[in-house]
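Q: One structure is given below, represented as structure tokens, and several questions about it will come after.
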Amino acid sequence: MRLSQLFTKTSKTSPADEEARNAILLIQAGFIHKEMAGVYAYLPLGLRVLENIKQIVREEMDAVGGQELMMTTLQPRELWEKTNRWDDKIVDNWFKTKLASGIELGVGLTHEEPIVDALSSYISSYKDLPVTVYQIQNKFRNEKRAKSGLLRGREFVMKDMYTFARTQAEHDELYEQIAAAYSRVYSRLGIGDVTYRTAADGGYFTERFSDEYQTVSPIGEDTIYVDETKKIAINQEIYTDENLEKLGLNKADLVEKKSVEVGNIFPLESKYTDALGVQYTDDSGKKQSIIMGCYGIGISRLVGMLAEHFADDKGLVWPEAIAPAKVYLARLGIDEDVVKAADELYNSLQGAGIEVLYDDREDARPGEKFADADLMGIPYRVVISTKTVAAGTYELKHRTAADAEHVSHARLEEILHTVEASA
RNA sequence: CGGGGUGUGGCGCAGUUGGCUAGCGCGGUCGGUUUGGGACCGACAGGUCGAAGGUUCGAGUCCUUUCACCCCGACCA
């Protein structure tokens with residue numbers, strides 16, 4: 001992508017209507033556009049980050065047998081009345097709308113009901129189970145107060161997965177496989193070391209605990225108690241002696257931390273399947289309840305979380321796995337030799353499948369290009385100038401390195417290919 | 001939903017106890033000089049001062065209502 005043609009521009013000043021660092025950085029760097037409170041558009045660079053995160057999540061969900069599908073945003077009222085979740089007194093953050101006929105509809109805030117309803121058409125025998133399905137879709141929640149940039153929006157992108165099992169044991173096995181997949185997701189996103197599987201309230205659904213994935217962060221709204229050797233935690237909401245004992249945690253080993261919830265998984269038992277009358281027939285011809293689980297990851301919240309987590313005083317610092325491009329190619333000057341060398345490198349890297357942001361702007365001075373490279377947080381910066389052309393080398397600098405190094409073309413491609421492979 | 005704060009060119013801001021043609025920086029356009037960490041000079045363009053109503057000879061400034069955004073709290077299946 002050539003910066004001279006990029007839809008967005010960076011800004012030297014931070015937006016006046018944002019306080020949250022994730023939103024400030026992403027807006028200044030031109031990754032997102034604020035439409036209204038809690039509602040943000042993804043611009044070309046931001047969309048790449050979003051898609052990179054989605055892709056990692058997809059790969060891990062597919063690896064545990066998940067089948068991707070996409071449910072609808074518009075929801076029929078009757079379906080939600082069957083589980084008693086339509087009434088605003090029960091669920092107060094619905095967005096509701098109407099058909100031209102006046103019939104009320106809901107705008108999807110979660111999808112347990114519709115997914116169960118849809119699967120009722122395809123599941124009838126024990127031979128049809130277990131199944132695991134997921135989607136990545138926008139969710140709409142009428143929050144009384146949107147805040148913290150991308151961390152708490154009214155429209156946001158979420159991956160939600162649902163499992164349906166024949167027995168509790170079968171469910172538990174799926175649940176643990178998916179829990180392991182979640183850990184892999186956070187590791188690949190670069191926050192594995194600060195993200196803890198955290199016991200939380202199963203709440204509305206069951207007597208069991210649910211599991212949250214909490215990333216330790218100063219901007220966190222949640223408080224958790226972490227056992228750093230066991231790598232697990234317990235949410236403050238359920239921090240009681242009784243629960244500590246159930247979880248095999250010792251108070252003396254726990255450290256209090258602020259954290260951001262970046263995922264959660266719930267055992268739902270047969271609450272929804274029974275309520276919607278979806279059962280299966282076992283091998284002796286008897287009707288049996290279907291055990292359900294649901295598993296969420298806030299994709300857009302992760303964009304904000306990661307932006308804020310990986311940043312310094314110069315701007316964003318994306319991990320290679322999710323950066324909008326691997327390389328920021330800064331061309332200094334418009335000398336014929338320089339343009340030629342830069343164009344060649346751009347084409348060659350692109351051809352090798354390495355994503356490059358090519359700063360080919362003729363009206364931007366070097367300092368501006370370096371500042372933008374830093375602000376956008378692109379992992380590697382390559383500079384081509386009259387100096388590098390004369391020396392027959394390229395100047396390469398990692399976003400987090402203090403100094404640049406001068407490398408040959410072969411060495412450059414070698415390093416950048418390694419980057420690509422690890423991503 | 002309670003409390004606090006802020007709305008002035010695309011962006012960030014200033015604007016005194018009401019006073020005459022509403023300023024500054026960035027960005028933009030044109031011309032010129034520059035060119036390795038956000039350059040400089042000159043010229044130009046760009047505003048119903050969030051909106052509605054009111055007070056006044058006169059309102060960005062005072063009053064009422066309202067909307068939006070931010071923060072704290074409540075809420076967060």
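Read-outs throughout are calculated quantities, based only on the coordinates presented, and are distinct from any laboratory measurement. Everything numeric here is computed off the predicted structure, so don't read it as measured data. All Cβ positions, glycine included, derive from the backbone under ideal geometry; neighbour counts span all protein chains shown.
Q: If I filter the stretch A:186-196 for residues that are touching a strand residue (DSSP E or B) at 6+ places or on another chain (Cβ under 7 Å), within 18 Å of A:Ile265 (Cβ to Cβ) and assigned to a strand (DSSP E or B), do I get at least one hit?
A: yes
Q: What are the residues in the stretch A:374-393 that are in a helix (DSSP H, G or I), more than 7 Å from RNA strand B (Cβ to nearest atom), in contact with a strand residue (DSSP E or B) (Cβ under 7 Å, 6 or more places away or on another chain) and touching a residue at least 40 places away in the same chain (Cβ under 8 Å), if any?
A: A:Met376
Q: Restricted to the stretch A:1-53, and to residues that are part of a strand (DSSP E or B) and closer than 18 Å to A:Gly298 by Cα, which residue is nearest to RNA strand B (Cβ to nearest atom)? I'd like the intermediate steps shown before the answer.
A: From the stretch A:1-53, those part of a strand (DSSP E or B) are A:2, A:32-36, A:39-42; that's our starting set.
Okay, now just the ones that are also closer than 18 Å to A:Gly298 by Cα, so A:32, A:39-42.
Details: A:Ile32: 12, A:Val39: 7, A:Tyr40: 9, A:Ala41: 14, A:Tyr42: 17 Å.
Going through the qualifying residues, I end up with A:Val39.
Q: Sort out which residues of the stretch A:224-262 are of a type in the set (Ser, Thr, Tyr) and either in contact (Cβ under 8 Å) with a residue 60 or more places away in the chain or in a loop (DSSP other than H, G, I, E, B) (or both), and write them in order of number.
A: The first filter runs over the stretch A:224-262 and keeps only residues of a type in the set (Ser, Thr, Tyr), leaving A:225, A:229, A:239-240, A:259.
Passing the criteria: A:Thr229, A:Tyr239, A:Thr240, A:Ser259.
Q: Right, next: With farther than 20 Å from A:Glu308 by Cβ, away from RNA strand B (no atom under 16 Å from the Cβ) and crowded, with 21+ Cβ neighbours inside 10 Å as the only criterion, which of A:Met61, A:Met70 stands out? Reasoning before the result, please.
A: Working: A:Met70 fails: crowded, with 21+ Cβ neighbours inside 10 Å.
Residue meeting the stated conditions: A:Met61.
Q: Looking at the stretch A:106-142, which of the residues that are in a loop (DSSP other than H, G, I, E, B) and within 16 Å of RNA strand B (Cβ to nearest atom) is surrounded by the most Cβ atoms within 10 Å (Cβ to Cβ)?
A: Step by step, filter the stretch A:106-142, then rank; the result is A:His111.
Q: Can you tell me how many residues in the stretch A:394-416 are within 10 Å of RNA strand B (Cβ to nearest atom) and surrounded by fewer than 17 Cβ atoms within 10 Å (Cβ to Cβ)?
A: Residues meeting the conditions: 5.
Q: Residues that are touching a Leu at 6+ places or on another chain (Cβ under 6 Å) and within 16 Å of RNA strand B (Cβ to nearest atom): which strands (runs of 3 or more DSSP E) entirely in the stretch A:265-361 hold 1 or more of them?
A: Values: elements: A:279-281, A:287-289, A:291-298, A:327-331, A:356-359.
Qualifying strands (runs of 3 or more DSSP E): A:291-298, A:327-331, A:356-359.
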